[in-house]
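Please treat every number below as a calculation from the coordinates, not as lab data. All values derive from a computational prediction rather than experimental measurement. Here the Cβ positions follow ideal geometry from the backbone for every residue, glycine too, while neighbour counts run over all protein chains shown.
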Amino acid sequence: MLKNKKYLVILALTFLVCFFIYNYVYDHYYKIDFTQYKYSALSRGMMSPDEKHFLQVVIYKTSKSSDIAYIGGLVNSNDKDGNYITQPKTIFWQKVNSSSIKTITIDDGETLDNWIDDLSWIDSQTVLINGISLNINKKYDYRRN
């Protein structure tokens with residue numbers, strides 16, 4: 001009986017250590033901390049060909065005049081009732097020079113800041129964002145690639 005308790009305690013301690021290591025690694029190396037970005041702007045949005053997903057591209061900067069920008073790709077998907085899930089999933093994270101983000105003028109003379117040209121759906125599960133193609137069920141993060 002004492003031997004079983006010893007194994008149970010070792011197993012519990014091993015689980016707790018693994019849990020804390022996993023959370024530390026996730027928080028420090030994978031999680032995107034959006035609190036440091038004081039400026040964010042919606043660049044573009046686009047419905048998937050099957051109309052089950054909506055892709056948003058958002059530009060994040062520490063300040064509006066920052067030389068460095070981050071392009072975030074967020075996907076909202078339909079739930080089983082056909083309603084969009086309220087919390088979008090971040091599938092794309094890229095660091096770029098702010099000068100690569102365009103300002104365009106559309107037909108009626110309106111000026112749009114923070115424009116990303118290279119945005120399209122390849123099929124209902126694959127998107128192209130700023131030259132990078134990815135499946136919406138996976139993630140692209142410049143910090144890991």
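Of all lysines in the structure, the ones whose alpha carbon falls short of 19 Å from that of LYS61, not counting any fewer than 8 places away in one chain, are LYS31, LYS38, LYS95, LYS102. Between the Cα long axis of helix 2-25 and the first principal axis of the chain there is an angle of about 20°, rounded to the nearest 10.
In terms of Cα atoms, the Rg and Dmax of the range 36-141 work out to 14.2, 43 Å. Ignoring lysines fewer than eight residues from LYS80 along the same chain, the ones with Cα atoms less than 21 angstrom from its Cα are LYS52, LYS89, LYS138.
One chain, two ends: TYR142 and SER66. Fully extended at 0.36 nm per residue, the span grows by 25.5 nm beyond their Cα-Cα distance. Each stretch of four or more DSSP H residues adds -39500 (n - 2.57); spread over every residue of the chain, this sum gives -6000 deg cm²/dmol at 222 nm. Taken along the Cα-to-beta-carbon direction at a fixed 7 Å, the label points for ILE104 and LEU13 span 6.1 nm.
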